[in-house]
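Student: My structure is below; once you've seen it, I'll send some questions.
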């Protein structure tokens with residue numbers, strides 16, 4: 001009973017159910033491969049989802065719409081700097097993280113200095129990042145360095161390396177949220193910004209660091225995704241806008257802020273990938289797949305809101 | 001307050017005038033009937049989409065599915081409305097009712113509009129792919145004729161924009177229902193206390209958004225004469241930017257239909273202006289973001305001054 005009251009149990013149960021339904025079609029074959037793929041692809045959604053979760057926790061109106069553009073820009077610049085040369089993986093990582101940091105600073109500057117609503121600020125900024133990425137990419141597809149590609153597609157203890165990165169990040173975020181002063185400040189700000197300010201929480205510092213973190217996470221995800229898929233593409237981040245918001249909501253975090261849920265984000269990331277692969281293995285066409293994905297997200301948002309109503 | 005409300009419509013007008021003057025200076029030949037027609041060619045669907053977005057922003061929500069919705073309407077217009085007009089019309093009416101139902105659901109269950117509309121963008125996009133898996137279709141003749149009509153004195157796009165602005169101004173600013181709808185954005189609780197059903201009002205606002213979204217999709221097909229499932233995806237961003245450029249606020253029901261149309265015209269013109277500048281197409285998207293930031297900065301400076309006096 002105590003377990004059922006944990007918000008993250010829902011996303012994990014949904015993921016498990018989808019897994020069983022998909023495996024049921026192939027009568028058990030390919031279960032290992034499916035789990036492996038879900039962990040690999042889920043990791044990218046989880047990394048950006050964790051960042052988006054922090055932003056959404058800040059309270060109503062806080063959301064980062066520049067995640068796809070930041071991912072693309074970070075990946076493009078990092079791969080360009082590495083130029084497929086061996087031994088440059090660390091340099092690329094540094095560049096990707098620096099791009100994320102820069103994007104986060106720019107986003108927050110717009111929000112703070114121009115008093116823009118975060119939605120418009122990140123939207124306008126993302127248009128500029130997108131242009132920067134188009135300009136610096138010029139349609140080239142630079143391969144990641146050999147050892148980086150091997151790392152991104154490789155495994156350790158039969159779990160994908162990218163999943164290890166995502167898991168490590170989740171643990172760090174969980175500890176910071178649950179055990180550090182900053183995490184308490186973030187939750188307090190999200191629950192009632194005015195009360196938090198009166199209680200002496202440095203609101204603007206919390207907001208700044210949150211918007212920086214989400215962009216750095218997006219930079220990291222872009223870097224890993226490009227290394228995983230053999231190069232940066234201009235539309236590589238596109239699906240991660242809905243994904244990042246959906247995994248936060250499905251994962252049991254409150255969309256109104258002030259309440260976050262780290263394990264739920266991972267469960268929801270696995271679920272989102274498994275739903276799409278389930279629809280694939282049932283032979284759904286591209287149109288039907290999109291309709292079902294959208295419907296499932298909305299259905300879960302509705303279910304989450306009615307569940308809240310009962311408690 | 002008086003000064004501020006005057007600034008609100010002043011700034012979009014000034015932005016458009018400056019941009020128009022700069023365009024004429026760069027390319028004097030644009031200062032003609034045909035020049036204007038080319039400059040504002042795609043303004044009508046963008047203006048209609050911006051009005052649709054404004055209906056949603058008016059009740060303090062935001063619609064991230066509008067671009068996909070307009071694409072879906074374009075696909076239906078280029079196929080069903082052409083071949084079987086009755087069925088096509090029925091589908092479009094169903095879509096408008098669907099939008100109204102969505103608004104009612106978002107209000108009744110207190111759902112976050114941003115997530116629901118993001119999910120809906122997949123639904124609309126999927127349906128559009130279903131109807132038109134590859135680009136094609138054709139515009140109904142009457143629609144084509146309507147969109148390419150050549151009125152005297154000013155090109156079709158300009159005349160139509162002025163008409164849209166006037167009609168929506170009366171609908172939203174002057175009429176009783178428009179005032180109550182803006183009241184939902186301003187203070188939902190007091191509107192409810194005054195005996196209005198907020199549920200119905202929200203459904204009405206979303207229904208209006210669906211209606212103008214349908215008009216936008218039809219106008220787009222009338223201009224392009226064919227459709228594809230991704231034809232209007234960028235309208236989501238353009239419409240939000242247009243509302244904000246036109247002096248609309250995100251919360252509080254402070255919107256301006258005239259401003260929104262002017263904002264849409266400014267964005268349309270910006271694209272033409274950038275190509276006159278011989279700016280590489282790489283920067284087209286970024287420049288729209290930069291213009292948006294620039295105008296918002298200007299507005300901040302204006303409103304600060306307005307606050308001081």
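Student: Tell me which residues, restricted to region A:73-110, are farther than 25 Å from residue A:138 by Cβ and within 21 Å of the chain's Cα centre (by Cα).
Tutor: Once the filter is applied, which keeps residues that are farther than 25 Å from residue A:138 by Cβ and within 21 Å of the chain's Cα centre (by Cα), region A:73-110 yields A:104, A:105, A:107, A:108.
Student: Being under 24 Å from residue B:254 (Cβ atoms), touching a helix residue (DSSP H, G or I) at 6+ places or on another chain (Cβ under 9 Å) and surrounded by fewer than 19 Cβ atoms within 10 Å (Cβ to Cβ), is that true of even one residue in region B:139-157?
Tutor: No, there is no match, as no residue in region B:139-157 is under 24 Å from residue B:254 (Cβ atoms), touching a helix residue (DSSP H, G or I) at 6+ places or on another chain (Cβ under 9 Å) and surrounded by fewer than 19 Cβ atoms within 10 Å (Cβ to Cβ).
Student: Then there is this: Answer yes or no as to whether residue A:246 is within 17 Å of the chain's Cα centre (by Cα), within 14 Å of chain B (Cβ to nearest Cβ), surrounded by 20 or more Cβ atoms within 10 Å (Cβ to Cβ) and farther than 30 Å from residue A:116 by Cα.
Tutor: In short, no.
Student: Yes or no: region B:131-138 includes at least one residue that is in a helix (DSSP H, G or I), within 14 Å of chain A (Cβ to nearest Cβ) and more than 30 Å from residue A:257 (Cβ to Cβ).
Tutor: Among the residues of region B:131-138, at least one is in a helix (DSSP H, G or I), within 14 Å of chain A (Cβ to nearest Cβ) and more than 30 Å from residue A:257 (Cβ to Cβ), which makes the answer yes.
Student: Failed condition for residue A:254, given (1) more than 14 Å from chain B (Cβ to nearest Cβ); (2) part of a loop (DSSP other than H, G, I, E, B), with all others met?
Tutor: (1)
Student: Within region A:281-298, how many residues turn out to be within 14 Å of chain B (Cβ to nearest Cβ), in a helix (DSSP H, G or I) and more than 20 Å from residue B:106 (Cβ to Cβ)?
Tutor: Qualifying residue count, region A:281-298: 6.
Student: Name the one entry in A:201, A:301, A:216, A:265 that is more than 14 Å from chain B (Cβ to nearest Cβ), touching a helix residue (DSSP H, G or I) at 6+ places or on another chain (Cβ under 6 Å), assigned to a helix (DSSP H, G or I) and surrounded by fewer than 24 Cβ atoms within 10 Å (Cβ to Cβ).
Tutor: A:216
Student: Let me ask another. Taking the condition away from chain B (no Cβ under 14 Å), more than 30 Å from residue A:77 (Cα to Cα) and in a loop (DSSP other than H, G, I, E, B), does residue A:230 pass?
Tutor: no
Student: Consider region B:139-176. How many of its residues are more than 22 Å from the chain's Cα centre (by Cα), part of a helix (DSSP H, G or I) and within 22 Å of residue B:74 (Cα to Cα)?
Tutor: 3
Student: Enumerate the helices (runs of 4 or more DSSP H) found wholly within region B:227-309, keeping only those where 2 or more residues are buried (at least 24 other Cβ atoms within 10 Å of the Cβ) and more than 11 Å from chain A (Cβ to nearest Cβ).
Tutor: B:235-245, B:257-276
Student: Quick one: which residue in A:39, A:34, A:50, A:21 is part of a helix (DSSP H, G or I), touching a helix residue (DSSP H, G or I) at 6+ places or on another chain (Cβ under 7 Å) and buried (at least 24 other Cβ atoms within 10 Å of the Cβ)?
Tutor: Sole residue among the options that is part of a helix (DSSP H, G or I), touching a helix residue (DSSP H, G or I) at 6+ places or on another chain (Cβ under 7 Å) and buried (at least 24 other Cβ atoms within 10 Å of the Cβ): A:50.
Student: Could you tell me which residue of region B:93-118 is nearest to residue A:257 (Cα to Cα), considering only residues that are facing chain A (nearest Cβ under 7 Å) and free of Cβ contacts under 8 Å to residues at least 12 places away in the same chain?
Tutor: The extreme case among them is B:112.
Student: Can you confirm whether region B:68-84 contains a residue that is within 14 Å of chain A (Cβ to nearest Cβ), at pLDDT 90 or above and outside any helix (DSSP H, G or I)?
Tutor: no
Student: Continuing with this model, one more query. When the residues of region A:107-152 are filtered to those that are more than 10 Å from chain B (Cβ to nearest Cβ) and either touching a strand residue (DSSP E or B) at 6+ places or on another chain (Cβ under 8 Å) or not in a helix (DSSP H, G or I) (or both), which remaining residue is surrounded by the most Cβ atoms within 10 Å (Cβ to Cβ)?
Tutor: So, considering only residues that are more than 10 Å from chain B (Cβ to nearest Cβ) and either touching a strand residue (DSSP E or B) at 6+ places or on another chain (Cβ under 8 Å) or not in a helix (DSSP H, G or I) (or both), the one surrounded by the most Cβ atoms within 10 Å (Cβ to Cβ) is A:144.
Student: Further question on the same structure: With (1) more than 14 Å from every other protein chain (Cβ to nearest Cβ); (2) without any contact (Cβ under 8 Å) to a residue 60 or more places away in the chain as the list, and residue B:214 as the residue in question, which single condition is left unmet?
Tutor: The one condition residue B:214 does not meet is (2).
The values are calculated or read from the model by the stated rules, or taken from the named source; none is laboratory data. These figures come from a predicted structure and were not determined experimentally. Virtual Cβ from ideal backbone geometry, glycine too; neighbours counted across all protein chains shown.
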